[in-house]
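Below: the structure, in structure tokens.
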Amino acid sequence: MSPAAFPGRFPTTRLRRLRQAPWLRRLAAETALTVDQLIWPCFILPGEKAREPVASMPGVARYSVDLLVDQVREAADLGIPAVALFPATEADRRTPDGREATNPDNLMCRAIRAVKAAVPEIGIIGDVALDPYTTHGHDGLMDGDTILNDETLKVLVRQALVMAEAGLDVVAPSDMMDGRIGAIRTALDGAGHRGVVLLSYAAKYASAYYGPFRDAVGSGARLKGDKRTYQMNPANSDEALREIELDLAEGADMVMVKPGLPYLDVIRRARETFGVPVLAYQVSGEYAALRAASDNGWLSYDAVMMETLSAFRRAGCSGILTYAAKDAARILAGSSSG
Ligand code: PBG
């Protein structure tokens, strides 16, 4: 048979042809990662001139507000469009009802105001959830061992309002209570914050990958039990689509899948089903695992990190929260690709 009898097949077709040289690989690339997709999560400490490394996240530190501002300025200068702030609340300000969450002068609100004033061009994302503020480390109010849904919503709404008043651009509920998106959207609109963006942690799984984060914000050691009655079962993805559908119906502007890499299938389904901006959170445990392996000389941090970020793009992500955001931004600035 002549090759023409097999149009589109070997040996006429050779997929390696387009992989021969960097310029061809660039032309044939289906997706691209740029700094525009990177969001840098950072941890805030009380006090001044304080910088504490997070032991379980090599390369990551927690900063007091004065030093945080310099860090955020650096992120903005690298072209990173947004940061996500997480407070390591003073232990004596934690209570069973997490009321510090609604204090307009809490660490988070002070950080939002300082960053807004010093680096106005960067977007600020803030979590809505009670875990930085509760003595039991859960995201909601408790009655015995039960997490109370509707009672928690009232506190979350007030938490969202104080952060919006402080200048937060993106309210990101990460608590997984039912109905919180609608409740928060209604309250924000009622208070005149119509432009505040709602990013829902819509498909947030009860994951063992959050361990280092809980160390960083000081909620790990105090966490009673686990979060499986509100965060999702890792076995499910149809349910993730239901979560996302409900959150969009309630007014979410963007949705998040979390953790990231183990849930690329969920990202892809979400993107194809709804066509809305889907963000991934490459969480603390994912970062720690790559970092630890590379610190042992078993993987190359730069290479595996860039490969994971590219995988998020291929899966359909618009944005990626990653502790490697600054590292990736520097690599992207230095490379012309290939
Ligand atoms: C709090 C929250 C968590 C993370 C982001 N927001 C932890 C949790 O739900 O226990 C995890 C982020 C990470 O691991 O990097 N609701």
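Taking only pairs six or more apart or across chains, which ones have beta-carbon atoms under 8 Å, a first residue in the stretch 73-100 that is without any contact (Cβ under 8 Å) to a residue 24 or more places away in the chain, and a second residue that is surrounded by fewer than 17 Cβ atoms within 10 Å (Cβ to Cβ)? Here the result reads none, with nothing in the stretch 73-100 linked to a residue that is surrounded by fewer than 17 Cβ atoms within 10 Å (Cβ to Cβ). Which of the residues belonging to the stretch 243-281 are farther than 13 Å from Ala203 by Cα and within 13 Å of the ligand (Cβ to nearest atom)? Passing the criteria: only Leu261.
Scanning the stretch 133-177 for residues that are under 20 Å from the mean Cα position of the chain (by Cα) and among the charged types (D, E, K, R) turns up Asp139, Asp169, Asp175. Would you check if there is a residue in the stretch 109-116 being free of Cβ contacts under 8 Å to residues at least 24 places away in the same chain and not aromatic (Phe, Trp, Tyr)? Taking every residue of the stretch 109-116 in turn, none turns out to be free of Cβ contacts under 8 Å to residues at least 24 places away in the same chain and not aromatic (Phe, Trp, Tyr). Set side by side, the residues Val266, Val278, Val255, Val196 differ, and just one is more than 23 Å from Ile124 (Cβ to Cβ) and in contact with a helix residue (DSSP H, G or I) (Cβ under 6 Å, 6 or more places away or on another chain), which is Val266. Leu130 meets each of the listed conditions (1) assigned to a helix (DSSP H, G or I); (2) out of contact with any Cys (no Cβ under 8 Å at 6 or more places or on another chain) apart from (1). Scanning the stretch 258-269 turns up no residue that is among the basic types (Lys, Arg), farther than 21 Å from Leu290 by Cα, out of contact with any Pro (no Cβ under 9 Å at 6 or more places or on another chain) and exposed (fewer than 15 other Cβ atoms within 10 Å of the Cβ). Just one of the listed residues (Arg158, Arg194) is away from the ligand (no atom under 16 Å from the Cβ), part of a loop (DSSP other than H, G, I, E, B) and either on the phi > 0 side of the Ramachandran plot or not aromatic (Phe, Trp, Tyr) (or both), and it is Arg194. For the stretch 224-256, a residue qualifies if it is in contact (Cβ under 8 Å) with a residue 24 or more places away in the chain and under 23 Å from Gly137 (Cβ atoms), and the qualifying residues are Lys224, Gly225, Lys227, Thr229, Tyr230, Gln231, Met232, Asn233, Pro234, Glu243, Met256.
With Ala252, Ala206, Ala216, Ala202 as the choices, which residue is surrounded by fewer than 17 Cβ atoms within 10 Å (Cβ to Cβ) and assigned by TED's automatic domain parsing to the domain that holds Gly98?
Details: Ala252 fails: surrounded by fewer than 17 Cβ atoms within 10 Å (Cβ to Cβ); Ala216 fails: surrounded by fewer than 17 Cβ atoms within 10 Å (Cβ to Cβ); Ala202 fails: surrounded by fewer than 17 Cβ atoms within 10 Å (Cβ to Cβ).
None of the others qualify; the one that does is Ala206.
Name the residue, out of Asp105, Asp175, that is more than 15 Å from the ligand (Cβ to nearest atom), assigned to a loop (DSSP other than H, G, I, E, B) and acidic (Asp, Glu).
Numbers: Asp175 fails: more than 15 Å from the ligand (Cβ to nearest atom).
Going through Asp105, Asp175 in turn, just one is more than 15 Å from the ligand (Cβ to nearest atom), assigned to a loop (DSSP other than H, G, I, E, B) and acidic (Asp, Glu): Asp105.
Residue check: is Asp139 of a type in the set (D, E, K, R), under 19 Å from Val255 (Cα atoms), touching a Gly at 6+ places or on another chain (Cβ under 7 Å) and surrounded by 18 or more Cβ atoms within 10 Å (Cβ to Cβ)? Here the answer is no, as Asp139 does not meet what is asked.
Each row is one residue, and each column tells you yes or no for (1) exposed (fewer than 12 other Cβ atoms within 10 Å of the Cβ); (2) modelled with pLDDT under 95; (3) closer than 27 Å to Gly316 by Cα.
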| residue | (1), (2), (3) |
| --- | --- |
| Arg16 | yes, no, yes |
| Arg19 | yes, no, yes |
| Ala28 | yes, no, yes |
| Val35 | no, no, yes |
| Cys42 | no, no, yes |
| Arg51 | no, no, no |
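It is to be established whether one or more residues within the stretch 208-217 are farther than 21 Å from Thr89 by Cβ and either within 12 Å of the ligand (Cβ to nearest atom) or not acidic (Asp, Glu) (or both). Yes, because at least one residue in the stretch 208-217 is farther than 21 Å from Thr89 by Cβ and either within 12 Å of the ligand (Cβ to nearest atom) or not acidic (Asp, Glu) (or both). A count restricted to the stretch 170-220 and to residues that are among the aromatic types (Phe, Trp, Tyr) and more than 21 Å from Ala235 (Cβ to Cβ) stands at 1.
Using the structure shown, decide if Ser310 is in the same structural domain as Arg242 (by TED's automatic domain parsing), in contact (Cβ under 8 Å) with a residue 60 or more places away in the chain, crowded, with 22+ Cβ neighbours inside 10 Å and not acidic (Asp, Glu). So Ser310 fails the test. The set of residues in the stretch 140-155 being in contact with a helix residue (DSSP H, G or I) (Cβ under 8 Å, 6 or more places away or on another chain) and part of a loop (DSSP other than H, G, I, E, B) consists of Gly140 alone.
The values are calculated or read from the model by the stated rules, or taken from the named source; none is laboratory data. Please read these numbers as outputs of a predicted model, since none were measured by experiment. No Cβ is skipped: glycine too gets one built from the backbone with ideal geometry, and neighbour counts run over all protein chains shown.
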